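Below: one structure, written as structure tokens.
The values are calculated or read from the model by the stated rules, or taken from the named source; none is laboratory data. Just so it is clear, the model here is predicted, and its values are computed rather than measured. Cβ coordinates were reconstructed from backbone atoms using ideal geometry, including for glycine residues, and neighbour counts include every protein chain displayed.
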Amino acid sequence: MAQEDKPIPPARPERNDERYDAQRIEQKWTERWQSDPSLYAAEAHPTKPKYYVLEMLPYPSGALHMGHVRNYSIGDALARYMWMNGYNVLHPMGWDSFGLPAENAAIKNNTPPKEWTLGNIAAMKVQMKRLGFAYDWSREVTTCLPDYYRWNQWFFLKLYESGLAYRKKSKVNWCPVCCTVLANEQVVGGMCWRHEDTPVEQRELEQWFLRITKYADELLRDLEKLSGWPEKVRIMQQNWIGRSEGTLVDFDLGGTVGPAGSTITVFTTRVDTIYGATSVQLAPEHPIVVDMIARDAELRVKVNELIAEQRRAKEAGDIGNIEKHGVFTGRYAKNPYNGEAVPVWVANYILMDYGTGAIMSVPAHDERDYEFAKKYGLEIRLVILPSSSDPEETMAEPALPFTTMDGILVNSGEFSGLSCEDAITKMSALAEEKGFGKATVTFRLKDWGISRQRYWGTPIPMVYCDKDGVVPVAEKDLPIILPDKVPITLAGGSPLASVPAFLNTTCPKCGGPARRETDTMDTFVDSSWYFYRYADAHNDKAPFDSDKIAYWFPIDQYIGGVEHAILHLIYSRFWTKFMRDMGLVKNDEPVKRLFTQGMVIKDGAKMSKNLGNVVSPDEMVERYGADATRMYSLFAAPPDRDLDWQESGIEGIQRFLGRVYRFYENHAKPQDPDWRAPLSAPLTGSARRLQRKLHQTIKRVTDDFQGRWHFNTCISAIMELLNDANRRMLGSEDAQSPATGALVKGDEIPLTLLAEVQRNIALLLAPMAPYLVHELWEMTGETGNLLKAPWPKYDPALAAEDEIEIPVQVNGKLRSVVVVPAGASEDQIKQAALADEKVRAAIAGKQVVKVIVVPKKLVNIVVR
RNA sequence: GCGGAGGUGGCGAAAUUGGCAGACGCACCAGCUUGAGGUGCUGGCGCCGCGAGGCAUAGGGGUUCAAGUCCCCUCCUCCGCACCA
């Protein structure tokens, strides 16, 4: 770097070469901001309109990554922009701090999870502050601390009281690496969402479930209200909920096999095809199959094989391509519509956890059934013919399988001749009337299993008493504190079970000896309502005060990664609806507008330790500064797209910030008497052009903040303004008079205008580069909090062009550009175009057929 | 297979309503500045062509005076879902 022993170059009054030193500036302002924690505090007694901007809270892994930086840079820019626009902004941050990594770290480093987690939080908070994010830290929420998780427990008791929390023995997804149960949502292609190489196993366990399915219909319906959410996320949730209307139909086995009874209930969306059913197919784990194999060893062997095939396919994440196998059970079941007895099969492609685990097989009108029937030689019976305006075509036999709904029933008894749609209605009604079935709705969405056999989570506040059974802990006894000294292993089973002081308690009902529940809650419980707690973070009487929620909610803008499109966001919506039904909140939905930012990638791939392409925010901040790091994450791509991190790109931003700084260094002269002087007369020439560019830039940046959030184009607009100003200043310095401060040579940019440009560049950059901008603000002699400085307004009259360039095309090809007054009439533009020499050359000797004049845009002369 | 997003210079991208394709930045080239540069500044920079000019927005067709933008077909990339009965 600079060598100190060299002679200092002679001072040049109008060119100050002091370099932009991000570290010095950012250090200075970090210290100032540190000393005023109320800087970003939301107002207690607001008279201004509110704006709640929220970014997804991080898991405290120990260090921020670039994805966080991008997420928070977007949110911070928005929050600062809204502050400057006079809103009462709530912009909080917290820590999603329960979860498995803390336990893994505990095992690896022999550090207690709490210590590890709180240490990470402290470190990451330092990073966040260094990056200059404007959070109201007085509202910080840390989910692993009792003052937060006690309300998880409180909510659990409320859920239990209202029948929304229940216990059930069930097949569960078990991750052998996590040693715990996973919710359906946490299984990705048969693998654990945290360990993409680890197949999920099926185990049978007693689990606590939350009845999210009670809200399935509303969760689906209200998606329509969420017009501020990305279409993509709404569709993903819609598919996840998976509502499907259909019919349940009972097929009678004609005698029981075992405890599961003698009725096979199938679920179908196409009851209209039931006269074409030529078999019934059961899932290998269907209770009736269980009964059957209990007394038939030969069948048992075959069914077990089907179960194994199905499990293997599920674990490989490729159940969709399983090769269909099945076995005939030797039994027949009666189709209640036509009394026909059809063979009962067991097949590996039938899933026990969807519908009823049993289907009727209609080979003529279902692809899968068709494939299966062909393979095993089952009858294929056509019962729907395509309908068409052409009567001959209607009677033609379709290519099989014919699966669409635009058909007419045939060979279907009294229903023959009906359209598919009518038939479904009438046939469902008949089933209900005769008592062998009914119309129904099934959902793909399952109840939310929240039990985790892990230590580092919220203890479930329930007690098991030999006398009274399952008993909830009394509300006054909350919180159930998670004990500190717990031996953690991955040996399986809940670590809390090995802590007698925790395990052994007394029954809240009878006072006798009892055992505590030792499972803990899924961490998605924590994140389902944390953003409500921000509104009233220190309440120790309730999770929050409903009046405060009524003021702050719904969240005006939520920003985060699309990877939470289903899990976190559907649970949060559920939690809100439950709290609304409790009377705690009035809003139906937690989030008005959702924004999902793109990933940060490097060299075309997601950053990962395996690929060695991870960019560390700390390193970027150290090398280029927080402002450059933040600005680059906004500049490199529009925020909804993936961002390819390029080292040379951030260097460009650093250079830009340096140019901004020098622009102030070279021209800022607040002590000059003209500094604040109003412009005395309308500007002309170069000065007018700079003034126009300034107002146009304010408009462009404002429009981008209001609308589509293309911060990349905001930044380029500001770059253009600076380039323009610098170009106009070029060559002026010789004639610059320190006495008057005016730049007099040639272009004549009045100092007052220059000061205005300077102030506005600072204001426009304020949401994106807070450190530099505060320094500039001070350099231009401004005092007071920049957040309270009003966002600049542009004057449309000053932004307006007085002359515009009109491209002139001949037969659609650009031939010339003419300059006309901005208000020129169509005819004036046309005349100017036709008078242009290049145009005349291009149309010489040809016949003008037509002249299209688009005012303010272009002229196109059509010739022949 | 179904659904969604996307494909524009050497690279990241811009073009917001059908109206000059490539703003802004990176890289590169030339010049200036500097004792020196991983500095600063100025200019150049889609492709072909000496030039006039021609050709260019994944590919093909269409609508239009005019298409990156609208319509049809095909290809490719990424994301989500996937025997859901």
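State all residues of the range A:66-84 that are of a type in the set (A, V, I, L, M) and either buried (at least 24 other Cβ atoms within 10 Å of the Cβ) or within 17 Å of residue A:555 (Cβ to Cβ) (or both); if no residue qualifies, say none.
The answer is A:69, A:74, A:77, A:78, A:79, A:82.
Would you say residue A:350 is within 8 Å of RNA strand B (Cβ to nearest atom), over 16 Å from residue A:286 (Cβ atoms) and under 36 Å from the mean Cα position of the chain (by Cα)?
no
Using the structure shown, decide if residue A:332 is at pLDDT 95 or above, part of a helix (DSSP H, G or I), in contact with a strand residue (DSSP E or B) (Cβ under 9 Å, 6 or more places away or on another chain) and not β-branched (Val, Ile, Thr).
no
Among the numbered conditions (1) within 11 Å of RNA strand B (Cβ to nearest atom); (2) under 30 Å from residue A:196 (Cα atoms); (3) crowded, with 22+ Cβ neighbours inside 10 Å, tell me where residue A:632 comes up short.
(2)
Quick one: residue A:190 ticks every box in (1) within 16 Å of RNA strand B (Cβ to nearest atom); (2) modelled with pLDDT of 95 or more bar one, so which box is it?
The failed condition is (2).
List the pairs whose first member sits in the range A:796-821 and is within 12 Å of residue A:839 (Cβ to Cβ), whose second member is within 9 Å of RNA strand B (Cβ to nearest atom) and outside any strand (DSSP E or B), and whose Cβ atoms are under 6 Å apart, counting only residues at least 6 apart or on separate chains?
A:810/A:842; A:815/A:838; A:815/A:842; A:816/A:838
Residues in the range A:584-610 that are within 30 Å of residue A:547 (Cα to Cα), touching a helix residue (DSSP H, G or I) at 6+ places or on another chain (Cβ under 8 Å) and outside any strand (DSSP E or B): how many?
Final tally of qualifying residues: 7.
Give A:676, A:708, A:641, A:700 a once-over and let me know the one that is assigned to a loop (DSSP other than H, G, I, E, B), within 7 Å of RNA strand B (Cβ to nearest atom) and more than 21 Å from residue A:606 (Cα to Cα).
Every option except A:708 fails the conditions.
Filter the range A:670-700 down to the residues that are crowded, with 20+ Cβ neighbours inside 10 Å and at pLDDT below 90 and list them by number.
A:687
Let me spell it out: the conditions are (1) more than 16 Å from RNA strand B (Cβ to nearest atom); (2) touching an Asp or Glu at 6+ places or on another chain (Cβ under 8 Å); (3) hydrophobic (A, V, I, L, M, F, W, C), and residue A:384 meets all of them except one. Which number is the exception?
(1)
In the range A:193-233, what residues are within 23 Å of residue A:310 (Cα to Cα) and either among the acidic types (Asp, Glu) or free of Cβ contacts under 8 Å to residues at least 24 places away in the same chain (or both)?
A:193, A:195, A:196, A:197, A:198, A:201, A:204
Test residue A:514 against the stated conditions and say whether it is of a type in the set (Gly, Ala, Ser), at pLDDT 95 or above and surrounded by fewer than 20 Cβ atoms within 10 Å (Cβ to Cβ). Walk me through how you get there before you give the answer.
Numbers: of a type in the set (Gly, Ala, Ser): yes; at pLDDT 95 or above: yes; surrounded by fewer than 20 Cβ atoms within 10 Å (Cβ to Cβ): no.
Criteria not met by residue A:514.
Among the strands (runs of 3 or more DSSP E) contained in the range A:191-305, which hold 3 or more residues that are more than 18 Å from residue A:345 (Cα to Cα)?
A:201-210, A:244-252
Every residue, every condition in (1) surrounded by 15 or more Cβ atoms within 10 Å (Cβ to Cβ); (2) under 40 Å from the mean Cα position of the chain (by Cα), yes or no:
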position: A:255; (1), (2): no, no
position: A:262; (1), (2): yes, no
position: A:274; (1), (2): yes, no
position: A:280; (1), (2): yes, no
position: A:292; (1), (2): yes, no
position: A:302; (1), (2): yes, no
position: A:306; (1), (2): yes, yes
position: A:322; (1), (2): yes, yes
position: A:337; (1), (2): yes, no
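Is there a residue being assigned to a loop (DSSP other than H, G, I, E, B) and touching a Lys or Arg at 6+ places or on another chain (Cβ under 6 Å) anywhere in the range A:549-568?
The answer is yes, given that some residue of the range A:549-568 is assigned to a loop (DSSP other than H, G, I, E, B) and touching a Lys or Arg at 6+ places or on another chain (Cβ under 6 Å).
In the range A:208-257, what residues are at pLDDT below 90 and in contact with an Asp or Glu (Cβ under 6 Å, 6 or more places away or on another chain)?
A:257
Only one of A:247, A:265 is in contact (Cβ under 8 Å) with a residue 40 or more places away in the chain, in contact with a helix residue (DSSP H, G or I) (Cβ under 8 Å, 6 or more places away or on another chain) and within 20 Å of residue A:443 (Cα to Cα). Can you tell me which?
Numbers: A:265 fails: in contact with a helix residue (DSSP H, G or I) (Cβ under 8 Å, 6 or more places away or on another chain).
After applying the criteria, what remains is A:247.
Give me the residue from the range A:306-326 that is part of a loop (DSSP other than H, G, I, E, B) and in contact with a Gly (Cβ under 8 Å, 6 or more places away or on another chain) and, out of that set, farthest from RNA strand B (Cβ to nearest atom).
Among those residues, the one meeting the criterion is A:316.
Which is farther than 26 Å from residue A:399 by Cα, away from RNA strand B (no atom under 11 Å from the Cβ) and touching a residue at least 24 places away in the same chain (Cβ under 8 Å), of A:336, A:363?
Every option except A:336 fails the conditions.
Scan the range A:655-678 and report the pairs whose first residue is under 11 Å from residue A:752 (Cα atoms) and whose second residue is among the basic types (Lys, Arg) and within 16 Å of RNA strand B (Cβ to nearest atom), with Cβ atoms within less than 8 Å and a gap of 6+ or a chain change.
none
Which condition number in (1) assigned to a helix (DSSP H, G or I); (2) surrounded by fewer than 22 Cβ atoms within 10 Å (Cβ to Cβ); (3) not β-branched (Val, Ile, Thr) is the one that residue A:613 fails?
Against the list (1) assigned to a helix (DSSP H, G or I); (2) surrounded by fewer than 22 Cβ atoms within 10 Å (Cβ to Cβ); (3) not β-branched (Val, Ile, Thr), residue A:613 comes up short only on (1).
Check A:306, A:282, A:299 and return the single one that is modelled with pLDDT of 90 or more, under 29 Å from residue A:198 (Cβ atoms) and touching a strand residue (DSSP E or B) at 6+ places or on another chain (Cβ under 7 Å).
Result of the check over A:306, A:282, A:299: A:306.
Please give the helices (runs of 4 or more DSSP H) falling wholly within the range A:71-189 in which 3 or more residues are among the basic types (Lys, Arg).
It comes to A:113-131.
Search the range A:225-253 for residues being loosely packed, with under 13 Cβ neighbours inside 10 Å and within 16 Å of RNA strand B (Cβ to nearest atom), and hand back the single one that is farthest from residue A:287 (Cα to Cα).
A:227
Just need a number here: residues in the range A:820-850 that are near RNA strand B (Cβ under 9 Å from one of its atoms) and either hydrophobic (A, V, I, L, M, F, W, C) or under 51 Å from the mean Cα position of the chain (by Cα) (or both).
So the count comes out to 3.
State the number of residues belonging to the range A:26-55 that are farther than 20 Å from residue A:86 by Cβ and crowded, with 22+ Cβ neighbours inside 10 Å. Quick ask: steps written out before the conclusion?
Step one: list which residues in the range A:26-55 are farther than 20 Å from residue A:86 by Cβ, which gives A:26-37, A:55.
Next cut, crowded, with 22+ Cβ neighbours inside 10 Å only: A:26, A:55.
The number of residues fulfilling the criteria is 2.
Between a residue in the range A:342-357 that is farther than 16 Å from residue A:327 by Cβ and any residue that is within 6 Å of RNA strand B (Cβ to nearest atom) and part of a strand (DSSP E or B), which pairs come within a Cβ distance under 8 Å, given they are 6 or more apart or on different chains?
Filtered contacts from the range A:342-357: A:355/A:246; A:355/A:267; A:356/A:267.
Based on what the data block shows, is residue A:222 more than 19 Å from residue A:522 (Cα to Cα), surrounded by 14 or more Cβ atoms within 10 Å (Cβ to Cβ) and more than 14 Å from RNA strand B (Cβ to nearest atom)? Don't jump to the end; show me each part of the working.
Numbers: more than 19 Å from residue A:522 (Cα to Cα): yes; surrounded by 14 or more Cβ atoms within 10 Å (Cβ to Cβ): yes; more than 14 Å from RNA strand B (Cβ to nearest atom): yes.
The answer is yes for residue A:222.
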